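The values are calculated or read from the model by the stated rules, or taken from the named source; none is laboratory data. No experiment lies behind these values; they were computed from the predicted model shown. When we count neighbours, we look across all protein chains shown, and the Cβ atoms used for this are built from the backbone with ideal geometry, even at glycine. For the accessible areas, the whole protein counts, side chains as well, though only heavy atoms, and no ligand, DNA or RNA atoms are used. Shrake-Rupley method; radii C 1.70, N 1.55, O 1.52, S 1.80 Å.
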Amino acid sequence: MRQVECIVVGQGIAGTIMSYHLWKYKINHILIDQSLQHVSSSRVASGVINPLTGRKRIRTWMADELFPYAKEMYQSIEKVLGTHFFEEKDIISFPPNPDMVLNYENRIASGESFLHNDNAEQWQHYFNIAFGTKRTSSSFWLHLETFLNDWRAFAIKHNFFKEETFNFEEINSTNDGVTYKDISAKYLVLCTGIKAMNQPKFESLPFSPNKGEVLILKIPSLPTTHIFKGAFTLVPIKNEHWWLGSNYDNHFKDEKPTIEFKNKALQYLQSWLKLPYTLLDHKAAVRPATVERRPFIGFHPTHPRWVIFNGMGTKACSLAPYFANQLTLAILHGTSILPEVDIRRFHKILMSNS
Ligand SMILES: Cc1cc2nc3c(=O)[nH]c(=O)nc-3n(C[C@H](O)[C@H](O)[C@H](O)COP(=O)(O)OP(=O)(O)OC[C@H]3O[C@@H](n4cnc5c(N)ncnc54)[C@H](O)[C@@H]3O)c2cc1C
């Protein structure tokens, strides 16, 4: 029997960042994920970390705590892996109407230090611009494919990765921990994204699954120095490839890409981008969003060896680092988890279903 402190299930953004923290604090663990043929939200996402949100361009929740921690963590992982996947990249926004221009200008006037006026002329060769451009600084971008693949390779090399579909029927729980096949662990840490809605113990948490679609394009001469945000966002990924997305669909029929999204996105692009492009791919995935837009983190009230790290919604890249640290310290020292994200707020629902 192989003995570890934790079994981590799921190697999306959440599971990868959780695994990094366990590794950093020298907590012996095994990371389990399915083959890469399975679609996951983390491998469809654009990897943008934007400190401003909504029409009013207000700061995202806890940005001042989350962003510095995330930056430091991603740069530390780059050093550990000897790879490069994290960049500071300003976002150029294209307000769609005079009201939005006013929103931006009010925020700049009120002292929002991440928001700046911008010289739209420099973009006129590439885009049709109706109401000027604005720039958001202190935004980041991570190349998720590199980040996720390189951590997986690191875990394989150091013998703490297993590729398989975790079978919940093969788990035995005791007061002191869990056993799964030939592995015994003190904690089972579930980072399975939206699949948690159909898995035991946490399926009653109030998820609000949200489907998003993207197009992958080749655009040869668009400068890769910035992210461009109109009604859709263009994010440079690699080798003249661009990510164009996305939508937020709460009433989807299935997880597949739709012709409606493709037509809408291409129609918008036609009116926005002046450059020729080639469509390479069309993908869709379901975000593990939650009804009250806060993550689900912590220990099951009646099965405290079962732990969840999930519900990252639209902001996994900025939320996961800070809260993976909090959860790791809670596992290690029993310290507290921020009440707004701690699943103890749902203890009645969780207890009635366990
Ligand atoms: C179109 C789109 C754009 C997005 N853009 C951004 C963005 O720019 N910035 C941002 O921060 N967020 C973005 N998001 C949100 C982000 O992608 C999600 O919040 C994040 O990926 C959730 O990560 P996760 O690890 O919790 O879940 P997932 O990515 O779903 O990972 C879960 C993993 O668990 C595995 N798994 C599940 N069940 C099992 C099992 N039984 N056995 C083994 N493995 C299992 C899955 O295979 C998967 O690898 C976007 C999402 C979408 C769809």
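Given (1) of a type outside the set (A, V, I, L, M, F, W, C); (2) within 7 Å of the ligand (Cβ to nearest atom); (3) buried (at least 24 other Cβ atoms within 10 Å of the Cβ), identify the lone condition not met by Q34. Among (1) of a type outside the set (A, V, I, L, M, F, W, C); (2) within 7 Å of the ligand (Cβ to nearest atom); (3) buried (at least 24 other Cβ atoms within 10 Å of the Cβ), Q34 violates only (3).
Does D176 fit the bill of being of a type in the set (D, E) and in a helix (DSSP H, G or I)? Before the answer, list the steps.
Values: of a type in the set (D, E): yes; in a helix (DSSP H, G or I): no.
Judged against the criteria, D176 is not a match.
The conditions of being in a helix (DSSP H, G or I) and within 14 Å of the ligand (Cβ to nearest atom) are not met by L332.
Residues that are under 21 Å from N103 (Cα atoms), part of a loop (DSSP other than H, G, I, E, B) and open to solvent by 40 Å² or more (accessible area, probe 1.4 Å) were ranked within segment 42-82; the one that is nearest to the ligand (Cβ to nearest atom) is W61. Within segment 236-261, being open to solvent by 90 Å² or more (accessible area, probe 1.4 Å) and assigned to a loop (DSSP other than H, G, I, E, B) holds for N239, Y248, H251, K253, E255, K256. Count of segment 262-272 residues, restricted to those that are open to solvent by less than 100 Å² (accessible area, probe 1.4 Å) and more than 13 Å from the ligand (Cβ to nearest atom), is 7.
A Cβ distance below 9 Å, combined with a sequence gap of six or more or placement on separate chains, defines the contacts here; from segment 31-52, residues that are in the same structural domain as A316 (by TED's automatic domain parsing) reach residues that are within 6 Å of the ligand (Cβ to nearest atom) and aromatic (F, W, Y) in the pairs I32/F166; D33/F166; Q34/F166.
Hey, does segment 296-313 have a residue that's in contact with an Asp or Glu (Cβ under 8 Å, 6 or more places away or on another chain), in the same structural domain as L36 (by TED's automatic domain parsing), free of Cβ contacts under 8 Å to residues at least 40 places away in the same chain and open to solvent by 60 Å² or more (accessible area, probe 1.4 Å)? Reasoning before the result, please.
Step one: of segment 296-313, the residues in contact with an Asp or Glu (Cβ under 8 Å, 6 or more places away or on another chain) are 297-298, 305.
This time we only want the ones that are in the same structural domain as L36 (by TED's automatic domain parsing), so: 297-298, 305.
Among the residues that remain, those that are also free of Cβ contacts under 8 Å to residues at least 40 places away in the same chain are: none.
Scanning segment 296-313, I find no residue that is in contact with an Asp or Glu (Cβ under 8 Å, 6 or more places away or on another chain), in the same structural domain as L36 (by TED's automatic domain parsing), free of Cβ contacts under 8 Å to residues at least 40 places away in the same chain and open to solvent by 60 Å² or more (accessible area, probe 1.4 Å), so the answer is no.
Selection of segment 225-235 for residues being buried (at least 16 other Cβ atoms within 10 Å of the Cβ) and in a loop (DSSP other than H, G, I, E, B) yields H226, G230, F232. Of the residues examined, N28 is one that is more than 8 Å from the ligand (Cβ to nearest atom) and either among the hydroxyl-bearing types (S, T, Y) or open to solvent by 10 Å² or more (accessible area, probe 1.4 Å) (or both). Checked against (1) within 15 Å of the chain's Cα centre (by Cα); (2) part of a helix (DSSP H, G or I); (3) within 11 Å of the ligand (Cβ to nearest atom), Y322 passes all but condition (3). Remark: pairs (first residue in segment 4-26, on the phi > 0 side of the Ramachandran plot; second residue in a helix (DSSP H, G or I) and within 11 Å of the ligand (Cβ to nearest atom); Cβ separation under 7 Å; 6+ apart in sequence or on different chains) = G10/G193. Of all residues in segment 83-130, none satisfies the criterion of being hydrophobic (A, V, I, L, M, F, W, C), surrounded by fewer than 17 Cβ atoms within 10 Å (Cβ to Cβ) and within 25 Å of the chain's Cα centre (by Cα).
Would you check which residues across segment 335-345 are part of a helix (DSSP H, G or I) and surrounded by fewer than 19 Cβ atoms within 10 Å (Cβ to Cβ) and list them? Don't jump to the end; show me each part of the working.
Residues of segment 335-345 that are part of a helix (DSSP H, G or I), as a first pass: 343-345.
Answer for segment 335-345, where residues must be part of a helix (DSSP H, G or I) and surrounded by fewer than 19 Cβ atoms within 10 Å (Cβ to Cβ): R344, R345.
Are any of the residues in segment 304-316 away from the ligand (no atom under 16 Å from the Cβ) and more than 17 Å from A196 (Cβ to Cβ)? Yes: segment 304-316 contains one or more residues that are away from the ligand (no atom under 16 Å from the Cβ) and more than 17 Å from A196 (Cβ to Cβ). For the residues L217, L275, L222, the requirement of being part of a loop (DSSP other than H, G, I, E, B), open to solvent by less than 40 Å² (accessible area, probe 1.4 Å) and farther than 18 Å from S93 by Cβ singles out L275. Listed by first and then second residue, the pairs with beta-carbon distance under 6 Å, at least 6 apart or on different chains, first residue in segment 191-214 and touching a residue at least 40 places away in the same chain (Cβ under 8 Å), second of a type in the set (D, E) and open to solvent by 20 Å² or more (accessible area, probe 1.4 Å), are K211/D249. Considering only residues that are among the charged types (D, E, K, R) and surrounded by 14 or more Cβ atoms within 10 Å (Cβ to Cβ), which ones fall in segment 199-214? K201, K211, E213 - these are the residues of segment 199-214 that are among the charged types (D, E, K, R) and surrounded by 14 or more Cβ atoms within 10 Å (Cβ to Cβ).
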